[in-house]
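The values are calculated or read from the model by the stated rules, or taken from the named source; none is laboratory data. No experiment lies behind these values; they were computed from the predicted model shown. Cβ coordinates were reconstructed from backbone atoms using ideal geometry, including for glycine residues, and neighbour counts include every protein chain displayed. In case anyone asks, the SASA skips ligands and DNA or RNA and just uses the protein heavy atoms, side chains included. Shrake-Rupley method; radii C 1.70, N 1.55, O 1.52, S 1.80 Å.
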Amino acid sequence: MALFYGFLLIFLLLNLLAGLWRIMRGPTGADRMLAAQLFGTTTVAMLVVMAQLQEQASLRNVALVIALLAAVTAVAFVRRAWPEKETSADAD
Amino acid sequence: MNSFFIYSLTGAGLFVLGLYALIVHAHLLRKILAINVMSSGVFLLLVALARHSGEPAAADPVLQAMVITGIVVAVSATALALVLMLKLHSATGQTQLHDDSGE
Amino acid sequence: MLTDYLAVLLLIVGGFFFLAGTVGLLRFPDVYTRLHALTKADNLGLGFIMAGLAIQSGSWLVAGKLLVIWLLVMLAGASVAHLIARRALQRDITPWQR
Amino acid sequence: MATLIPVWFDGLLGLGLVWFAWQALSSDNLFRAIVLFVAFGLMLALVWVRLAAPDIALAEAAIGAGVTGALLLAAMARLNVVIYEQATDNNETSSPPRRRPASELVALLAAGLFVALAWTLYHLPLDTPGLRQAVSEQLANSGVSHPVTAVLLNFRGYDTLLELLVLLLALLGIWSLGQCPRQAEVATGEVLDALSRLLAPVLLLVAAYLLWLGASAPGGAFQAGAVLAAGGILLLLSGWRLPARLTRWPLRVLLAVGPLLFLCLALISLLLEGRLLQYPLAQAGGWILLIEATATLSIGAILVALFMGGNPEPGQPDE
C-alpha cells in the first residue's frame, strides 16, 4: 500500500509540473489563474495522501489551509488583477 | 545522495538564482520577487542541513521556529517594499531605481 | 483486505480525473472549456481520492475532516469558476466554436 | 519515513521548485511571474512537509502562497491601473525584462557561487547534534507540549516579541507613506457575496482551531494570524470597508494589543522571576495561551492593514 501511495504522489506531482505549460502559454490571465487553481487542488490531494502515508495528522490541516487560501488568491485575482476593462495584463 | 542533501542543494540553487535575478533585473517588482526567492532558499538550506545530521523524527524545533519568524518578517518587508515601489511609481512614473540614460 | 482493493480502486479513479483535468487544461481550446476540465479535477478527482483515503483511514474523525476539506475545495472551486467565467464574458472573450 | 517515498520524488520536487523559481524570475510578463511565484509557494509547502517541518508548511501555505500572493496581485493591479489612467505606452507589464549589460558576467559569477556552495554542502560534517535534545529536555518546563510553540513563545520568546514589533514597524513605515489608495469599486455580485459570507466565518473558525492546536501540535499564533488575515483580505476584496469610526482608536488598539500584552507579561516575569520572559512555571501554559490569542488578533489585523497599503484614516488628501 505504501508503494502505491508513493506512485500516486509521483503521478500527482507530474500532473502539477505539466500544468506549468498552461501558465507559460496563457494566453489570458484567467488561463494562468486556472492552472494555479489546479495546482492548489493537486497540492491538497498530495498533502492528504502524505498525511495518510506518513501518519501525520497535521498535514490535513495544511491541506485545509491551502484549500481556503487558494480561494482568497483567486478572488484577489478576479477583483484586482483582472479588471473589467482591457489592460495590458492580457497581452502576451 | 539522500533527500536532505537534495533539498539543501535546492536551497542553495534558489539563493543563487534569486541573487542573479536581483542583480540583473531592473524592474522593482522583479527584484522583490527575487529577494523572496532568495529568502526561501536560505530557509530551505537551514532546515535541510539540520535534518541532514539529525535523527529522522522531526526537524529541529529551534530552526522551525526561526524559519516561521523569518517567513512573517519576509511578508512584512515585502508589503513595505511594494508600497515603496508604488509610491516611487506615482511620484516619478518609473518602476526602477536608476535612470536608463546613464547606461 | 477488500477495503484495501476498494481504496486502491477509488484512488486510481481519482488520479485518472486529475490526469483528465490536466490534459483538459492543456488541450482544450479556450478558457471556458478549460474551466470545465478544471472542475472535474476539483470535484471528482479530489472526491475519489478523499473517499479512498477515508476508507483506508478507518476513522470517522479523519473521514469527516477529509469531507470538510473536499466540500470547501468544491465550494471555492465552483464560485471561482463562476467569477472567472463571468469576468471573461464581460471582457468579451468569445467562447470557442467548432 | 524517508523510505516510504522514493528518493527521486524529492529530486523531482526539488528540480521542479528551482524550475518554477527560474520561470517566475525570467518571465517576460509580470502577471505570469506572480502566478508562478504563488505556485512556487505551494510547492515549497510540500517540501517543508518532506523535511518533516509541518509547522513551517502551515505558515508557508497561509503566508507564502496566500497572503503574499494577494499582496503581489493587488500591487501589480495598482501599477497597471496607474499606467492605464496615464494613457502612456501600455507595455510595462509585458515588455521583456530589461537586463543589465553585464548579465553574462553575473551569471558566470552566480554559477561559481553555486558550485562553491554545493561543494561546501557536500563536505559538511554530518554529526552536529542540533538543539533538538536541549528542547526536549526542557519541554516539561515550558507550559506547552509542542516543541515549536515552546521555542517560539517561551525559550526564545524575545524573538517573537521583537518580530511582532517588526510587523508593527513595517506597518508604520507604510502608514507614513500616506493614505490607503481609493479603489474603484466594481459591483460584487451574488456569488462573491455568498462566497465571502460563507468563507469568512470558516476562516475565523480555522484560525481559532489552529491557535488552540498550537499548544500540542503544529499550529499557533502566526499561522492562525495569517488565516485570520486571509479572512479580512477576503472581506476587503468583497467590497467591505472598515467603518470610519473604527479607523482611529479601535484599530490601533487591535494592532498593538498583542505586542503590548507580550511586553507587559515580559516585564511582570522580570519582577516575579528575575529574568525577562521567564514565566512562572505554574502559569506558563495560561500565559502562553493569552499571549498567543492576542498575538493572533494583532498579526491578523497588521497583515490586513499591510494589504490595505496605507493609513485607512480619512483625513486630508496626500500633499
Point to revise | Top-ranked residue of the stretch A:11-52 - restricted to ones that are without any contact (Cβ under 8 Å) to a residue 12 or more places away in the chain and touching a Leu at 6+ places or on another chain (Cβ under 7 Å), ranked as least open to solvent (accessible area, probe 1.4 Å) | key: A:Ala18
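Quick grid of which residues meet (1) within 7 Å of another protein chain (Cβ to nearest Cβ); (2) in contact (Cβ under 8 Å) with a residue 24 or more places away in the chain; (3) open to solvent by less than 20 Å² (accessible area, probe 1.4 Å):
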| site | (1), (2), (3) |
| --- | --- |
| B:Ala12 | yes, yes, yes |
| B:Leu45 | no, yes, no |
| B:Ala48 | yes, yes, yes |
| B:Ala58 | yes, no, no |
| B:Ile71 | yes, yes, yes |
| B:Ala81 | no, yes, no |
Review point. Among the residues of the stretch A:53-84, which ones are open to solvent by 10 Å² or more (accessible area, probe 1.4 Å) and touching a Lys or Arg at 6+ places or on another chain (Cβ under 7 Å)?
Key: A:Arg60, A:Glu84
Check your understanding: Where residues in the stretch D:183-233 are part of a helix (DSSP H, G or I) and among the acidic types (Asp, Glu), which of them is modelled with the lowest pLDDT?
Key -> D:Glu190
Exercise for review: Could you give me the residue pairs with C-beta distances under 6 Å whose first residue belongs to the stretch D:197-225 and is farther than 15 Å from D:Gly66 by Cα, whose second residue is open to solvent by 40 Å² or more (accessible area, probe 1.4 Å) wherever it lies, and which are 6+ apart or on separate chains?
Suggested key: D:Ser216/D:Ser145
Review point. So is A:Ala36 of a type outside the set (Asp, Glu), over 19 Å from D:Leu199 (Cβ atoms) and within 9 Å of chain D (Cβ to nearest Cβ) or not?
Key: no
Practice item. Specify the residue that is modelled with the lowest pLDDT; the eligible residues are those in the stretch D:74-105 that are within 7 Å of another protein chain (Cβ to nearest Cβ) and within 30 Å of B:Ala48 (Cβ to Cβ). Key: D:Pro97
Exercise for review: Would you confirm whether any residue within the stretch D:154-168 is modelled with pLDDT of 80 or more, among the polar types (S, T, N, Q) and over 23 Å from D:Met308 (Cβ atoms)?
Suggested key: yes
Review point. If the Cβ limit is 9 Å and pairs must be 6+ apart or interchain, which residue in the stretch D:37-59 that is more than 9 Å from chain B (Cβ to nearest Cβ) and open to solvent by 10 Å² or more (accessible area, probe 1.4 Å) pairs with which residue that is acidic (Asp, Glu) and assigned to a helix (DSSP H, G or I)?
Key: D:Leu42/D:Glu60
Study note, to complete from the structure: Of the residues in the stretch D:122-179, those that are of a type in the set (D, E, K, R), facing chain B (nearest Cβ under 8 Å) and over 22 Å from the mean Cα position of the chain (by Cα) number 2
Point to revise | Matching helices (runs of 4 or more DSSP H) fully within the stretch D:1-83 where at least 1 residues are of a type in the set (Val, Ile, Thr) and within 20 Å of the chain's Cα centre (by Cα) | key: D:30-50, D:54-59
Exercise for review: Take the stretch D:201-243 and flag every residue that is among the aliphatic types (A, V, I, L, M) and open to solvent by 20 Å² or more (accessible area, probe 1.4 Å).
Suggested key: D:Val202, D:Leu204, D:Leu205, D:Ala208, D:Leu211, D:Leu213, D:Ala215, D:Ala217, D:Leu228, D:Leu235, D:Leu242
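Can you name every residue in the stretch D:1-31 that is more than 7 Å from chain B (Cβ to nearest Cβ), modelled with pLDDT of 85 or more and open to solvent by 20 Å² or more (accessible area, probe 1.4 Å)?
The answer is D:Leu12, D:Leu15, D:Trp19, D:Gln23, D:Ser26.
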Review point. Which helices (runs of 4 or more DSSP H) does the stretch C:23-98 wholly contain that include 3 or more residues that are within 20 Å of A:Arg25 (Cα to Cα), open to solvent by 10 Å² or more (accessible area, probe 1.4 Å) and more than 7 Å from every other protein chain (Cβ to nearest Cβ)?
Key: C:31-40
